[in-house]
Amino acid sequence: MDPFFVWLLFQYFYLLMVKTLSSILVIVAVLSCTEQNENIPDEKENVEVFEETETQPSKVVEQDNISIEVYDFENIQPFIYKNNDRINVVNFWATWCVPCIQELPAFEKLKAENPEVDMTLISMDFTQNIESDLIPFIIKNNIQSDVVVLDDPDANSWIPKVDENWSGAIPATIIYNKDKRVFYERSFTYEELAKEVQTFKK
């Protein structure tokens, strides 16, 4: 048999084998992806919960008997996903945000009239302004709710983790308990806020 013909025959079967193996690998990969997509867990059923003691502030700023803890997003999540039987209200705000300042009295009143509600105000103020702006604001307005500062420059990463539809604008609020969780990108009056919280008591 002609050696050249033998070589061509070998090349033909070699290419055929490579194509067949490639096709098999593609099919396996597609089936694997399909299986994963069919078993995507429900996000609400698999929300991670944290104990409050697990929080690790990156720094603590103290002034005039006020202590403000600063967190990156990873360590502030226990405030956003508390594992308790209470109604939890988390508000994202800043002293430089006029709508935020206007609605804060509603949150303070809600907390005062509903001791069963856990209230956390997550400030977006710059850390260098905590002593000059945030703490004086807390004192002047007699803020009684828990205030912490979120300082994490990778906003594009953590914003969708708070809520996939959040644009990042403030004020923004999360109300949740062990059975229900709702995100609001809006301002509240006291009446509107109290009405929303009431739906979590049923």
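Computed from the coordinates by the stated procedures, all read-outs in this text should not be read as laboratory data. Worth saying up front: this structure is predicted, and the values here are computed from it rather than measured. Methodologically, a virtual Cβ is constructed for each residue, glycine included, from the backbone with ideal geometry; neighbour enumeration extends over all protein chains shown.
Some points to look at:
- Diffusion coefficient, µm² s⁻¹, Stokes-Einstein with Kirkwood Rh over alpha-carbon pairs of the stretch 137-181 at 37 °C and 0.692 mPa s: 251 µm²/s
- Cβ-based net charge around VAL70, under 11 Å, with every Lys or Arg adding one and every Asp or Glu removing one: -4
- Long-range amide H partners of ASP146 with built H, under 5 Å: MET119, LEU121
- Extended-chain gain in nm, criterion 0.36 nm per residue less alpha-carbon gap, TYR81 and ASP64: 3.1 nm
- Beta bridges by DSSP in the stretch 48-198, antiparallel share as percent, to the nearest 5: 50 percent
- Summed residue charge, Cβ within 12 Å of THR173's Cβ, Lys/Arg positive, Asp/Glu negative: -3
- Of LYS161/LYS201; LYS140/LYS195; LYS109/LYS140, pairs whose Cα-Cα distance is over 22 Å: LYS161/LYS201; LYS140/LYS195
- Sites matching trypsin sites (Lys or Arg not before Pro) across the stretch 86-158 that sit in DSSP coil, with at most 15 neighbouring C-beta atoms within 10 Å: ARG86
- Calculated FRET efficiency, ASP72 to PHE126, Cβ-Cβ distance, R0 = 22 Å: about 0.95 to the nearest 0.05.
- Convex hull per residue volume in Å³, alpha carbons only, for the stretch 127-202: 128 Å³
- For the stretch 48-198, the C-alpha radius of gyration sits at 0.97 times the compact-globule guess of 2.2 N^0.38 Å, with N the residue count.
- Of the GluC sites (Glu not before Pro) in the stretch 84-157, those whose Cβ has at most 11 other Cβ within 10 Å and which sit in DSSP loop: GLU116
- Charge sum, other residues only, whose C-beta stays under 12 Å from LYS140's C-beta, Lys/Arg counted +1 and Asp/Glu -1: -2
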